[in-house]
Structures are given as C-alpha cells and as structure tokens.
Amino acid sequence: MRQVVLDTETTGLDPGQGHRVIEIGALEIVNRRMTGRTFHVYLNPDREIEAGAIAVHGLTNEFLADKPRFDDVAGELLAFVHEAELVIHNAPFDIGFLNAELGRLDRAPIERACAGVLDTLKFAKEMHPGQKNNLDALCRRYEVDNSGRAYHGALLDSQLLAEVYLAMTRGQESLCIEPAATGAVAGRALASGLKLRVLKASPGEREAHDAYLAGLSKECGAAVEW
C-alpha cells in the first residue's frame, strides 16, 4: 500500500479570499515504511503574507521572492501523489488550498490524482474524544520528538505526522484475524485425523509479546490481554 503524508503552509487561512500556498512538503510510505522519497518546494505566492501566518511558519515574501510559482511544480506534485492515499492532518484545509491552486490552472481537483484522503485529525478525534488532537499534542501522546519544531514547516510537519500516524495505527494489520476461516481450516485438519504440531513460544518470544502488549495498552489507555 502506498501512502503520501502531506502538509502545506499558506499566506493566510482562506483560499476563497485569494490566499495562496507557499510551501508543500510530502513524504512516501509504502507498506507502513517510510521510503525516504520526499517532495518539498517553497513557492512565490505573488501576494503579501499575513503577519499572523508569518508568526506560525516564519516564511516571508523576501525569502519567497525567487522561488517558483505553483504552476511550475503542479505536474511534479501530481506525479508524486499519483494513486497514493493522502494522509493529511486537518485535510479539508490543505485540500481546499491545493484545489484552489489547481483550479487557477484549470486542472482537476487533487482527489482525482490520488487513491483517497485520510484526515488524521478526524481519526485522532475518534480515537481520543475530548482531548487535544493537534500535531504537538499527538507528538506528546505518542512520544514523537518534536523539539525541533520552532515554526510550522510543511516537510518537518509531514515527517512528524508520519511518525504519529504509524504509532496511532500500530498493530492494526497484524490484528486482522479471520476466526471463521481459521476455525474451518482447523476443523478440516482434525476431521482428517491429522495431528497438529503445537509450537510453544520461546522465553524471548514471550518477553517480546509482553512488551508489545504493554506498549499497546499505553496507547489505548486500557489493559490489553490475549
């Protein structure tokens, strides 16, 4: 499974008021492993950046003056996200801005290029209702080091979000057990008179299992036993 964790920085909060994307950062995950492939650009927005936005990301018009425009990188961005699931924190914000940029170029919405969009903010709220679920709070909750995050940055925040997302979803694939199918196989084996060999876990394997359950219990906030 291919996923792309993505984040943007912008000149303000509302693309409907003409605000623009000024930074895009994205990284690739394949089968729950970060591959090291990234996409990162700063962009000249051809408009002033609001003071409140500068306070968040630290990007100024002077710094962006010699950077490319969105239309210079649109094709490369769409190629990077092609047929991947996008993983974005507060996805409506970033998707809204990217689609506004693509619309200026008469291009289709970014959802047409990718396989789907996962909003980790919505996911986190479902997992931790009533708690803070911004990226800093999730980093603390899942023990992801965000000490280098003096300002928001699209690539840095994508890297942090990727670690948080993998921690939030740890173990889901390994827990996809199909008891009906497993029972049917065991039943056929017993009916045929086949003696099933029982392999007992070694002390090291039991220790690793206990450590895994302890970590899972810490994430879930409740004891987990099986």
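Coordinate-derived values only; no laboratory data. Only a predicted model underlies this, so the values are computations on that prediction, with no experimental measurement involved. All Cβ positions, even for glycine, are placed from backbone atoms using ideal geometry, and neighbour counts span all protein chains on display.
Numbers at a glance
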read-out	value
Counting DSSP beta bridges with both ends in region 24-166, the antiparallel % (nearest 5)	60 percent
Phi to ³J(HN,Hα) by Karplus 6.51 cos²θ - 1.76 cosθ + 1.60 over region 70-84, Hz, x for Gly, Pro	4, 5, 6, 10, 4, x, 5, 4, 5, 5, 5, 8, 3, 6, 9
Region 2-168: mean projected area of Cα convex hull, nm²	9.5 nm²
Pairwise centroid distance, computed over Cα atoms, of region 39-56 with region 140-166, Å	20 Å
Relative exposure of D7, D145, judged by other C-beta atoms within 10 Å (fewest first)	D145, D7
For A115, residues with placed amide H under 5 Å, excluding near neighbours	E83, A84, E85, L86
